[in-house]
1. If you check every pair at least six apart or on different chains, which have Cβ atoms under 6 Å apart with a residue in region 18-40 that is acidic (Asp, Glu) first and a residue that is in a helix (DSSP H, G or I) and at pLDDT below 95 second?
2. Filtering region 23-45 down to residues that are touching a Lys or Arg at 6+ places or on another chain (Cβ under 9 Å) and either modelled with pLDDT under 95 or among the basic types (Lys, Arg) (or both), which residue is nearest to Glu119 (Cα to Cα)?
3. Does any residue in region 123-147 that is within 12 Å of Phe97 (Cβ to Cβ) come within less than 7 Å, Cβ to Cβ, of a residue that is among the β-branched types (Val, Ile, Thr) and open to solvent by less than 50 Å² (accessible area, probe 1.4 Å) six or more places away or on a different chain, and which pairs are these?
4. Considering region 56-84 alone, what residues qualify as being β-branched (Val, Ile, Thr), surrounded by 15 or more Cβ atoms within 10 Å (Cβ to Cβ) and closer than 20 Å to Val98 by Cβ?
5. Only residues that are among the β-branched types (Val, Ile, Thr) and without any contact (Cβ under 8 Å) to a residue 40 or more places away in the chain: list them for region 41-80, please.
6. State whether the residues of region 152-161 include one that is in a loop (DSSP other than H, G, I, E, B) and surrounded by 13 or more Cβ atoms within 10 Å (Cβ to Cβ).
Amino acid sequence: MAEPLGVRQARAQRTREAVVAAAAAVFVDQGVQAPIRDIAERAGVGVGTIYRHFPTRADLVTAVYRHQIDTCSALAPRLLAESASPYTALTRWADAFVEFLVTKHGLGAALGSGDPGLENLHGLMLDTLVPACATLLDACTAADETDPDVTAYTLMRAIGNLCITGPDYDRTDARRMVAALLAGVRRTA
């Protein structure tokens, strides 16, 4: 007896979500060029299942980062609503953005690879995250907590540059430097 369509769709969605979560974790550890078999093993599925959901590596990379970008973007209004001040919301959001950036081993090389499946990823980041950051900065400006000349794009680019890790500069260093950057854009009474 065949399963009802809704049951099959729900199972397929759970499998897809498990693959995206597994790929995100493997990408943190090994970078975006990690073997698909490692992602399949972590998700508890076969390699064929991954290719059925994501026919190319670019499809998988894009799905993982689209999910993470959307999550980071959705965090901005939530933090603004629950934080004591807009500046506190901005710093908490920047912490999440730093975490997003420092875990993207190999993404820069992948974006520059010429793979047409990844061409839209940078635009997606800008189109989604810049408005989220702008919402926070606008609230900070309205509360006279930050320099009004600082734009979301400039701030995010500065944060991005501070998050380029290497052998002698790690996640902790990046967080410390971003905190210093944010302290520099804060207005004091």
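The values are calculated or read from the model by the stated rules, or taken from the named source; none is laboratory data. Since the model is a prediction, treat every value here as computed from it, not as a measurement. Cβ placement follows ideal geometry from the backbone for every residue including glycine, while neighbour counts extend to all protein chains displayed. Protein only, heavy atoms only, side chains kept; ligands, DNA and RNA dropped before computing areas. Shrake-Rupley method; radii C 1.70, N 1.55, O 1.52, S 1.80 Å.
1. Asp38/Val26
2. The extreme case among them is Val32.
3. Cβ pairs passing all conditions: Met125/Ile69; Thr128/Ile69; Leu129/Ile69.
4. Let us first name the residues in region 56-84 that are β-branched (Val, Ile, Thr), namely 56, 61-62, 64, 69, 71.
Pick out the ones that are also surrounded by 15 or more Cβ atoms within 10 Å (Cβ to Cβ) and you get 61-62, 64, 69.
Residues satisfying the conditions are Val64, Ile69.
5. Val45, Val47, Thr49, Ile50, Thr71
6. At the first step, the residues of region 152-161 found to be in a loop (DSSP other than H, G, I, E, B) are none.
No: zero hits.
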